[in-house]
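A.B. asks: One structure follows; several queries about it will come next.
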């Protein structure tokens, strides 16, 4: 499975969390998995994962999800 396919799969799960169909507690695990995948500009553009993560950031009240990214 290519990195773009893995990113797309995670992106779909994050979209479900944004739309409140699933628990936001899963988001941290998904973000950690996403962090381990090598992502280049082409994957970012193809999957639009940046927009998905930004949407998640705006829709989830739990600040812990995004504190770890300020490294």
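The values are calculated or read from the model by the stated rules, or taken from the named source; none is laboratory data. Computed from a predicted structure; not experimentally measured. In this analysis, Cβ positions are derived from the backbone assuming ideal geometry, glycine residues included, and neighbour counts consider all displayed protein chains.
A.B. asks: Could you please find all residues in region 9-24 being within 12 Å of the chain's Cα centre (by Cα) and not in a helix (DSSP H, G or I)? Can you show your working first?
C.D. replies: Initial filter on region 9-24 (within 12 Å of the chain's Cα centre (by Cα)): 9-18, 24.
If the condition is that a residue be within 12 Å of the chain's Cα centre (by Cα) and not in a helix (DSSP H, G or I), then 24 is the only one that fits.
A.B. asks: Just checking, does region 48-65 include any residue being more than 13 Å from the chain's Cα centre (by Cα), loosely packed, with under 11 Cβ neighbours inside 10 Å and either in a helix (DSSP H, G or I) or modelled with pLDDT of 85 or more (or both)?
C.D. replies: In the first step, residues of region 48-65 are kept if they are more than 13 Å from the chain's Cα centre (by Cα); the result is 61-64.
Filter once more, keeping what is loosely packed, with under 11 Cβ neighbours inside 10 Å: 61, 63-64.
Subset that is either in a helix (DSSP H, G or I) or modelled with pLDDT of 85 or more (or both): 64.
The answer is yes; a qualifying residue exists.
Let's see how each residue does on (1) in a loop (DSSP other than H, G, I, E, B); (2) more than 10 Å from the chain's Cα centre (by Cα); (3) surrounded by fewer than 18 Cβ atoms within 10 Å (Cβ to Cβ):
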| position | (1), (2), (3) |
| --- | --- |
| 7 | no, no, no |
| 26 | no, yes, yes |
| 39 | yes, yes, yes |
| 43 | no, yes, no |
